[in-house]
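The structure under discussion appears below in the form of structure tokens.
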Amino acid sequence: MSRRVDALILVMIMAIAPLVPMASAHPSITLSTDVNHVILSPGEATNITLTINNNGSSIETYSISVSGFDSVWEVIPADSNVTGVIPTLSATTDIAIRLSTSALPSNSGTLTITVTEPDANISSTVGVQLSVLPQYLPAIDTSNAGDNGLVEMAPGDETNVSIMVSNNGNVDDTILLSVGQTPDLVAFWSNWTSSGNNTNNNSTGNNTGGNSTGNNTGGNNTGGNNTGGNNTGNNTGGNNTGGNNTGGNNTGN
């Protein structure tokens, strides 16, 4: 309900802004701005451009002042004086507008810009509407629940947890809370990765053992180790197999 009221007020201000007399001008000084309504959220800033028309008959210097706005607004003219404005011509200058982070919609108002020609003591004014947008910023802090927001429970357990709910916006708000469940993906992937590494290590060990068995089997039982040359003459018949003992090895002895 409060959101609708704030939005309705803002729409009404925007609707009637063009209908409000925003200028009080001396015939020799005509003023205009590139915007007549500035709408900002807390913490934002913008610039507006002021145009000064010299309708007099001599080159003039004008002084610029601002007033009428709430203290949450910071309004700073880029130039306090605009000099050398030729008759029938115009000069422009910028005005910086900043809004405090603590601003409320009730701080909306009107900025009055006054341009004065000191010699003749004449002046003109122009107004710009300033509006603060409503800001809805609910926040929740679970760091005090469990281990920095992580609550471990066994099946069937019950527990109470405390959480901090804050309204960081600039309007009254109604905050609805709901409870859901999210899987612990970090722990899942950690366990999955750990399990995968163990499986790979086991496979590597098994394959290594198989290769060693094969190498030992093949290398130790080759015919080259039991050559007839070592037993020449002594064990001619029994120790030397037919494939390894050539006729040359069993000669003479």
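For Val82, state whether it is farther than 30 Å from Asn168 by Cα and surrounded by 13 or more Cβ atoms within 10 Å (Cβ to Cβ). Give the steps one after another, and end with the answer.
On the way: farther than 30 Å from Asn168 by Cα: yes; surrounded by 13 or more Cβ atoms within 10 Å (Cβ to Cβ): yes.
Spelling it out, Val82 is indeed farther than 30 Å from Asn168 by Cα and surrounded by 13 or more Cβ atoms within 10 Å (Cβ to Cβ).
So that you can scan it fast, the table gives a plain yes or no per residue for (1) without any contact (Cβ under 8 Å) to a residue 60 or more places away in the chain; (2) buried (at least 16 other Cβ atoms within 10 Å of the Cβ):
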| residue | (1), (2) |
| --- | --- |
| Ser108 | no, yes |
| Ile113 | no, yes |
| Thr116 | yes, yes |
| Ser124 | no, yes |
| Gly146 | yes, no |
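Taking the range 64-106 on its own, how many of its residues are closer than 22 Å to Ile39 by Cβ and of a type outside the set (Ser, Thr, Tyr)?
Matching residues across the range 64-106 total 20.
Within the range 120-135, count every residue that is in contact with a helix residue (DSSP H, G or I) (Cβ under 7 Å, 6 or more places away or on another chain) and not β-branched (Val, Ile, Thr). First the steps, then the outcome.
Our first condition is that a residue be in contact with a helix residue (DSSP H, G or I) (Cβ under 7 Å, 6 or more places away or on another chain); within the range 120-135, this holds for 129, 131-132, 134.
Then drop every residue that is not not β-branched (Val, Ile, Thr), which leaves 129, 131, 134.
Summing the residues that are in contact with a helix residue (DSSP H, G or I) (Cβ under 7 Å, 6 or more places away or on another chain) and not β-branched (Val, Ile, Thr) in the range 120-135 gives 3.
With the condition kept exactly as written, say whether any residue in the range 113-125 is touching a Phe, Trp or Tyr at 6+ places or on another chain (Cβ under 6 Å) and not acidic (Asp, Glu).
Yes, the conditions are met somewhere in the range 113-125.
Does the range 62-80 hold any residues that are polar (S, T, N, Q) and assigned to a loop (DSSP other than H, G, I, E, B), and which are they?
In the first step, residues of the range 62-80 are kept if they are polar (S, T, N, Q); the result is 63, 65, 67, 71, 80.
Matches in the range 62-80: Ser71, Ser80.
Looking at Val35, is it hydrophobic (A, V, I, L, M, F, W, C), modelled with pLDDT of 95 or more, part of a loop (DSSP other than H, G, I, E, B) and under 30 Å from Leu137 (Cβ atoms)? Walk me through it before giving the result.
Values: hydrophobic (A, V, I, L, M, F, W, C): yes; modelled with pLDDT of 95 or more: yes; part of a loop (DSSP other than H, G, I, E, B): yes; under 30 Å from Leu137 (Cβ atoms): yes.
So Val35 passes the test.
Could you tell me which numbered condition Asp70 fails, if it satisfies all but one of (1) at pLDDT below 95; (2) touching a helix residue (DSSP H, G or I) at 6+ places or on another chain (Cβ under 7 Å)?
Going through the list (1) at pLDDT below 95; (2) touching a helix residue (DSSP H, G or I) at 6+ places or on another chain (Cβ under 7 Å), Asp70 breaks only (1).
The values are calculated or read from the model by the stated rules, or taken from the named source; none is laboratory data. Because the structure is a prediction, the values reported are computed rather than measured. Neighbour counts are summed over all protein chains in view; Cβ atoms, including those assigned to glycine, are modelled from backbone coordinates with ideal geometry.
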